[in-house]
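Data first, discussion second: the structure below is written as structure tokens.
The values are calculated or read from the model by the stated rules, or taken from the named source; none is laboratory data. Everything numeric in this text was worked out from a predicted model, so none of it was measured. Here Cβ is always computed from backbone atoms with ideal geometry, including for glycine, and neighbour counts include all displayed protein chains. Areas reflect the complete protein model, heavy atoms only, side chains present, ligands, DNA and RNA absent. Shrake-Rupley method; radii C 1.70, N 1.55, O 1.52, S 1.80 Å.
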Amino acid sequence: QHLGSVVHIAPYTGDMTSWSSMVVGGLSGPCRQLDEVRPLLVDAFGEDVGGTGLLLDGHNAEARKGKHEVEGKDVNFLYGELLPETVSVVLERLGANLGGNILELGMGTGKVAFQAFLQCPNAQHVVGVELSSARYDVAMASADRLASAHGDMFSAYAADADTIAELIGQTAPPAGQAGSVARGHVLREVASGRSLVLLEGDLAALAGPISGAKAIFMNLRLPPAARSRAYAALQHAPDSCRVFSLENLTWEWTLPEAAVLHAVGEGVVRGETELYATSWCEEGYPFYIFRVDRSIPPSITADYAVEAVRDLYSQGFF
């Protein structure tokens with residue numbers, strides 16, 4: 001059971017500002033409109049943009065490559081995407097266009113990261129990381145297609161080891177280890193010099209970029225060991241950073257230290273949240289928003305998570 005209402009998307013009725021003036025002049029906060037960037041998303045990803053069901057490129061890529069080994073076990077990656085209208089609303093709610101980095105942990109084929117890059121001209125960097133090499137390949141090819149179709153606006157190139165090390169703040173561990181990065185690819189906006197950085201590797205590698213994050217997307221379910229690495233990385237986020245998460249951190253927190261994050265909304269511990277349209281549930285699926293604030297006492301701890309879930313079970317919530 002999840003309580004909440006579906007996020008409704010209001011149509012934009014204002015005047016469009018030209019792309020070039022928005023790049024040069026910048027914005028104080030509001031994101032570019034989805035209608036303006038959707039054609040670029042289609043140029044990058046084709047008609048897969050906004051698709052629903054179980055036959056998206058992210059599903060097909062894994063089907064072609066087969067199973068992957070994660071923590072010593074062969075597993076199939078589940079897959080789903082936020083719809084573009086949902087992403088547009090969430091970017092505003094996270095204040096993603098107010099500077100800093102935007103991160104997507106578990107980017108899949110990269111649609112959210114691309115949309116954030118295109119809609120948020122004030123973001124310094126947008127960084128996406130994906131463990132699945134098959135889905136990373138889709139994201140990389142999409143960056144190349146966009147740069148090829150709009151060479152006056154974008155360039156795309158492979159990131160070398162030095163570039164990756166500079167981004168993540170350290171030399172990446174060897175492939176297969178926690179925090180490792182196998183490959184990197186960059187889409188650069190010519191007019192502004194901003195970059196969308198795509199990484200194939202472990203999401204724990206982003207502890208460095210997280211320290212400058214304004215907004216973080218986490219549309220994924222994690223096995224226990226990976227969850228611990230991800231949550232440890234979130235502890236590096238600066239105050240005022242917001243996290244949009246498929247997992248309810250108030251139920252899932254497992255680190256011995258308290259979280260620096262706090263739920264946005266008093267009902268989150270009871271599963272009360274708005275529903276956001278996704279590729280697997282157009283009617284809306286529950287996601288949760290958290291903010292970083294070290295100036296107030298912790299509200300999310302491992303002990304609290306255990307007690308919260310126990311209380312919900314006793315009330316017949318699950």
With an 8 Å Cα cut-off and a minimum separation of 6 or more residues, compute the relative contact order for segment 79-230 in percent.
29 percent
Using a cut-off of 11 Å between beta-carbons, work out the net charge of the residues near Ala258 (Lys and Arg +1, Asp and Glu -1, Ala258 not included).
-1
Show Arg194, Arg145, Arg183 ordered by accessible area, largest first, where the area counts protein heavy atoms only and the probe is 1.4 Å.
Arg145, Arg183, Arg194
Would you tell me the accessible area of His59, worked out with a 1.4 angstrom probe on the heavy atoms of the protein chains, in Å² to the nearest 10?
30 Å²
Amide H of Val127: which non-local residues (sequence gap of 5 or more, or other chain) have their own amide H closer than 5 Å, using H built in the peptide plane?
Ile102, Leu103, Glu104, Val197
Roughly how many whole Å is it from the C-alpha centroid of segment 99-154 to that of segment 203-260?
20 Å
I need the phi-derived Karplus couplings for segment 283-298: 6.51 cos²θ - 1.76 cosθ + 1.60, θ = phi - 60°, integer Hz, Gly and Pro marked x.
6, x, 10, x, 10, 10, 10, 10, 10, 8, 8, 8, 7, 10, x, x
Whole-Hz ³J(HN,Hα) for each residue in segment 204-211, computed from phi via Karplus 6.51 cos²θ - 1.76 cosθ + 1.60 with θ = phi - 60°, x for glycine and proline: what do you get?
5, 5, 8, 4, x, x, 4, 5
Between the modelled labels at Ala165 and Ser299 (7 Å from Cα along Cα→Cβ) the distance in nm is 4.2 nm
Name the long-range amide H neighbours of Glu272: under 5 Å, sequence gap of 5 or more, or other chain; modelled H, no Pro or chain starts.
Leu3
Would you tell me the accessible area of Val112, worked out with a 1.4 angstrom probe on the heavy atoms of the protein chains, in Å² to the nearest 10?
10 Å²
